[in-house]
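Asks: Before I ask anything, let me first share the structure, which is written out below as structure tokens.
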Amino acid sequence: MARKTSDNSKVPSNDKASNKIKAKGKNKDNSFLKELWKNKFLYALLVPGIIWFVVFAYVPLVGLIMAFQDFNFVKGIFGSKLIGFKNFEFLFNSKNLWVITWNTVYLNVLFIITGTTVAVFLALIFVEINNKWFKRITQSISILPHFMSWTVVAMFMTAFISTDTGIINKMLMSVGLNQIAFYSDPSVWPVSLVLLKIWQGAGFGTIIYIATIIGFDKEMYEAAQIDGASRLQQVSLLTLPMLRPTIIMLTIFSVGGIFKGDFGMIYAIIGDNPLLYPTTDVIDTFVYRSLRTLGDMGMSTAVGLYQSFIGFLMVLIVNKIAKAVEPDSAIF
Amino acid sequence: MEQIKTVKETKKIKKIKKKLHKQDMILDIIIYSVVIIFCYLCIVPFLVVLSASFTDELALVQNGYRLWPSKFSTEAYKIVFSTDKMFNAYKVTIFTTVVGTFISMVFTVAMAYPLSVKSLKYRGQISLFVYFTMLFGGGLVPSYLLVSKYLNMKNNIWVLIIPTMLSAWNMFMLRNFFNSIPPDLAESAKIDGANDVTILLKIILPISVPGIATIGLFYGLGYWNAWFNAMLYISKSELYPLQYLIMNILRNIQFMAEMADKTGMSVGNLPSNSLKMATTVLTIGPMIFVYPFIQKYFTSGMMVGAIKG
């Protein structure tokens, strides 16, 4: 079905393109037409992809008008009433926006700091292992959690955090401590989410660092050994300083996404549990919930636009910083 | 005199070496134990879930989750297999993974190759057009409205494929891979009269197998693990993919009731905990099975992305 439609959509757009060529070629210089004709096969290959990006990435931008509307699902985008910045006024005056923005940024900062530290630490350790067989197996195992979806991870979690039967609470009880009420105590979640993120992503995060370290000049290490540097000294005086640019660049880029909450992780694990919102509700989960339960699409769009906008600014800023730190590494 | 000095010095060096050797031993012990502990933590959840899925429900509730079943039972699997829920979800997931990956690759290759041809005049503008979508988007609500209201794709299996079938990131990674192919190959074929499509199919694709495999696996893993679109657009339970089925079981939404209905048990008698674990095991089983064969492609793919991302 869908393949058929995509094939069909390809044909009219080709006609359109050739119409355009005819129209343009007559009055202006025909270098545009010439270029299209010369590389007609290449441009034809591009057409399906371009159509997809127009429909699924650019058309939704039109929908951002909803942020300025008192949107009504039945009347649609073109029938709903424009109300200016009212949605935003309401948002900026409500407490919710600041809570979810804070949670999003706070959790992401925690993820970036802990994730980078653990990944670098593990990478330093992995490259010190000489036994190839041991190295390969342990590396494979440490990457495995990255291949699990967050819904699967959420299932894993129940085995650990359930009241009475969960492993963590069983262990706490066996040493005479109180249980942790994971499902009702919001204060334990920032740490829990950080640990989960490390469990899921740290092994995968080592890949880049390991490859970078392996690429370092071997002769330097040999010279250091001749001078009597211990392995710890080699790590602290050679490897870490040389790894610094990579660490800084990767960190800067992850800062670019600091306003994007990890919806997959948080929604799969927390779900719709209002008791835990104070520390776990991020912008993305808030938008989803207000779409699903409140049904206020104008308001949800306004939150989404707010997020896209500051996220975009953040990427621009980060790119500027990256350019200043290391000119080659800027994205654009 | 001098001889004594050198003897002394070699003794000193030997001493230092001995000390270093001892340090090395201690360091190695620390390193190996840290790695072993981390790997143990990585793998324990898998073992606990596997063990719980084979544990008798009553024993599970009484003794809690353990690394080894306190009382062995296959009851949970029997119940899972007595309905067609799991089977249906497998069908949906396999369909979206296989067909979705294929369609994604066709579209991605068709876009990445022209953008890697240096002589294409507008490739800069088109790249920017795609790149912008990575920086700024309409967000969830406009996309939801587009797909559900204007494209009317709710409860259609293609909604699990089409809205997410292209990834700008993957496209650029594949383009970078094509960029590394020497352009002389295509140029000489062009002089021989081959057109660009023939060049792509006959020359570029055969030598790009590693890159294609890597990107294909990225897409494949994405489809296999996807549940968000199912949550948004699918309400018919026979169209649930595996990952969303699990989510439903976890939240106990309608699922347990339907299970009870089909097996003729009351909801209270269903072994709900071990049932959850059994479905989890069945969901990750295929992934664990293929993991050793596909892992290296992801590792190398990360490298390509890191070098020029």
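Asks: What do you get when you divide the Cα radius of gyration of the protein assembly as shown by 2.2 N^0.38 Å, with N the number of residues?
Replies: Normalised Rg, Cα atoms only: 1.09.
Asks: Taking each full run of DSSP H in chain B as one helix, which ones are at least 15 Å long along their axis (Cα atoms) and have mean Kyte-Doolittle hydropathy of at least 1.0?
Replies: Details: long enough: B:2-53 (75 Å, 0.62); B:85-116 (45 Å, 1.10); B:123-135 (18 Å, 0.97); B:168-179 (16 Å, 0.16); B:209-225 (24 Å, 0.85); B:272-307 (47 Å, 0.86).
Membrane-span-like by this rule: B:85-116.
Asks: A 18 angstrom limit on the alpha carbon distance is what I want to check against. Which of A:K34/B:K121; A:K132/A:K197; A:K197/A:K260 exceed it?
Replies: Numbers: A:K34/B:K121 11 Å; A:K132/A:K197 27 Å; A:K197/A:K260 15 Å.
Going by Cα-Cα distance, A:K132/A:K197 fall outside the 18 Å limit.
Asks: Sequence-distant or interchain residues sharing an amide H contact under 5 Å with A:N273, placed H: which?
Replies: Result for A:N273 returns nothing.
Asks: As an exercise, identify the chymotrypsin sites (Phe, Trp or Tyr not before Pro) in region A:216-290 lying in DSSP coil whose Cβ has no more than 16 other Cβ atoms within 10 Å.
Replies: Passing sites in region A:216-290 are A:F216.
Asks: To make sure I understand, if each residue's beta carbon is the centre and we count other beta carbons within 10 Å, what order do A:I100, B:I43 fall in, fewest to most?
Replies: In increasing order of surrounding Cβ atoms, one gets B:I43, A:I100.
Asks: Within 10 Å of each Cβ in A:137-147, how many Cβ atoms from other chains are there, averaged over the peptide?
Replies: 6
Asks: Which whole number gives the average count of other chain Cβ atoms within 10 Å of the Cβ atoms across peptide A:153-166?
Replies: Mean inter-chain Cβ contacts per residue within 10 Å come to 5.
Asks: Normalise the Cα radius of gyration of chain A by 2.2 N^0.38 Å (N = residues in it) and let me know the number. Show your work: numbers first, answer last.
Replies: On the way: Rg = 26.3 Å, N = 332, 2.2 N^0.38 = 20.0 Å.
Relative to the rule-of-thumb radius for its length, chain A sits at 1.32.
Asks: Give me the net charge of A:R289's neighbourhood, meaning all other residues with Cβ under 14 Å from the Cβ of A:R289; Lys, Arg count +1, Asp, Glu -1.
Replies: -3
Asks: Looking at chain A, identify the longest residue range that excludes and avoids all trypsin sites (Lys or Arg not before Pro) in DSSP loops having at most 14 other Cβ atoms within 10 Å.
Replies: A:76-332
Asks: Next question. Once you have the alpha carbon radius of gyration of region A:22-152, what is it after dividing by 2.2 N^0.38 Å, with N set to its residue count?
Replies: Values: Rg = 26.5 Å, N = 131, 2.2 N^0.38 = 14.0 Å.
Normalised Cα radius of gyration, region A:22-152: 1.89.
Asks: May I pose another question? Through the Karplus equation 6.51 cos²θ - 1.76 cosθ + 1.60, θ set to phi - 60°, convert the phi angles of region A:178-191 into ³J(HN,Hα) values in whole Hz; use x for Gly and Pro.
Replies: Taking θ as phi minus 60°, the curve returns 6, 6, 9, 8, 4, 7, 9, 9, x, 5, 8, 6, x, 5 Hz for region A:178-191.
Asks: Among the aspartates and glutamates, which fall within straight-line cross-link reach of A:K218, defined as a Cα-Cα distance under 14 Å, with same-chain neighbours fewer than 8 residues apart omitted?
Replies: A:E128
Asks: May I pose another question? How would region B:2-63 be classified by its alpha-carbon gyration tensor: rounded, prolate or oblate, with rounded meaning a/c under 1.5 and the a/b versus b/c comparison settling the rest?
Replies: Prolate, since a/c reaches 1.5 and a/b exceeds b/c.
Asks: Let me ask you something else. Just tell me how shielded A:74-81 is by partners: mean number of partner chain Cβ atoms within 10 Å of each residue's Cβ, no decimals.
Replies: 1
Asks: Let me ask something else. Would you calculate, for the protein assembly as shown, the mean residue ellipticity at 222 nm contributed by helices, counting each DSSP H stretch of 4 or more residues as -39,500 (n - 2.57) and dividing by all residues, to the nearest 500? Before the final figure, lay out the partial values.
Replies: Numbers: 32 runs with 453 residues, N = 641.
My calculation for the protein assembly as shown gives -23000 deg cm²/dmol from helical runs alone.
Asks: Over chain A, what is the relative contact order in percent, taking alpha-carbon pairs closer than 8 angstrom and at least six residues apart? Walk me through the numbers before you get to the answer.
Replies: Values: 289 pairs, mean separation 77.7, N = 332.
Taking the mean separation of contacting Cα pairs over the length of chain A, I get 23 percent.
Asks: Right, here's the next one. Can you list which of the trypsin sites (Lys or Arg not before Pro) found in region B:30-110 are DSSP loop residues with at most 15 other C-beta atoms within 10 Å? Walk me through the numbers on the way to the answer.
Replies: Working: sites: B:R66, B:K71, B:K78, B:K85, B:K91; in loops: B:R66, B:K71.
Filter output for region B:30-110: B:K71.
Asks: Something else now. Over chain B, what is the mean sequence separation of C-alpha contacts under 8 Å (at least six apart), divided by residue count, expressed as relative contact order in percent?
Replies: It rounds to 27 percent for chain B.
Asks: Using modelled backbone amide H atoms (1.01 Å from N, in-plane), which distant-in-sequence or interchain residues come within less than 5 Å of B:T55's amide H?
Replies: Amide H neighbours of B:T55, under 5 Å, 5+ apart: B:S73.
Asks: Once you order the gyration tensor axes a ≥ b ≥ c over the Cα atoms, which shape class does chain B get: rounded for a/c under 1.5, otherwise prolate or oblate by comparing a/b with b/c?
Replies: Values: a/c = 2.74, a/b = 1.07, b/c = 2.57.
Oblate is the answer for chain B, as a/c is 1.5 or above yet b/c matches or exceeds a/b.
Asks: Under 5 Å between amide H atoms, partner at least 5 residues away or on a different chain: which partners does A:Q69 have, H built in plane at 1.01 Å?
Replies: A:I83
Read-outs: derived from the displayed coordinates by stated rules, not from any lab. Since we're looking at a predicted model, the values are computed, not measured. Here Cβ is always computed from backbone atoms with ideal geometry, including for glycine, and neighbour counts include all displayed protein chains.
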